[in-house]
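Below is one structure, written out as structure tokens, with a few remarks after it.
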Amino acid sequence: QVQLVESGGGLVQAGGSLRLSCAASASIFSTYAMGWYRQAPGKQRELVVSITSGGSTNYADSVKGRFTISRVNAKKTVYLQMNSLKPEDTAVYYCAASHGGVYNWGKGTLVTVSS
């Protein structure tokens with residue numbers, strides 16, 4: 001089982017930026033697909049962006065052009081750079097690692113964007 005620890009959440013004003021980090025314990029991190037999901041109050045968890053082991057990315061339309069995912073396999077870490085934040089980006093952000101159809105989840109980090 002992969003342990004995932006997110007960090008970097010916090011309170012930011014609209015238009016600001018945050019960078020989230022997700023550190024993984026997987027010894028074969030480079031083979032995992034990674035993703036960031038978010039869940040706003042009263043809403044279902046949704047995919048923000050994913051990145052395959054080969055580096056292909058898939059962004060939700062709502063964050064295209066504002067968010068950027070990256071991974072550093074040597075550090076077993078995936079990042080989410082969030083720019084031009086909007087109040088509707090307020091949510092708990094979760095890191096996920098998947099391999100062979102099995103998903104592992106972090107505990108989440110709260111991002112609050114004030115207007």
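The values are calculated or read from the model by the stated rules, or taken from the named source; none is laboratory data. Note that the structure is predicted; figures quoted are calculated from it, not measured. Every residue, glycine as well, gets a Cβ built from its backbone with ideal geometry; the counts of neighbours run over all protein chains shown. To get the accessible areas, we keep the full protein, side chains included, count just its heavy atoms, and leave off ligands, DNA and RNA. Shrake-Rupley method; radii C 1.70, N 1.55, O 1.52, S 1.80 Å.
Selection of the stretch 1-28 for residues being among the small types (Gly, Ala, Ser), part of a loop (DSSP other than H, G, I, E, B) and either modelled with pLDDT under 95 or under 15 Å from residue 102 (Cβ atoms) (or both) yields 25, 26, 27.
A residue that is touching a helix residue (DSSP H, G or I) at 6+ places or on another chain (Cβ under 8 Å) and touching a residue at least 60 places away in the same chain (Cβ under 8 Å) cannot be found anywhere in the stretch 51-70.
When residue 35 is tested against (1) open to solvent by less than 20 Å² (accessible area, probe 1.4 Å); (2) closer than 17 Å to residue 92 by Cβ; (3) more than 14 Å from the chain's Cα centre (by Cα), exactly one condition is not met: (3). Looking across the stretch 92-109, the residues that are within 17 Å of residue 79 (Cβ to Cβ) and either of a type in the set (A, V, I, L, M) or open to solvent by 30 Å² or more (accessible area, probe 1.4 Å) (or both) come down to 94, 96, 97.
Checking each residue in the stretch 71-91 for being assigned to a strand (DSSP E or B) and either open to solvent by 50 Å² or more (accessible area, probe 1.4 Å) or over 19 Å from residue 23 (Cβ atoms) (or both) picks out 72, 81, 91. Across the stretch 38-47, the number of residues qualifying as on the phi < 0 side of the Ramachandran plot, open to solvent by 60 Å² or more (accessible area, probe 1.4 Å) and either modelled with pLDDT under 95 or of a type in the set (Gly, Ala, Ser) (or both) comes to 1.
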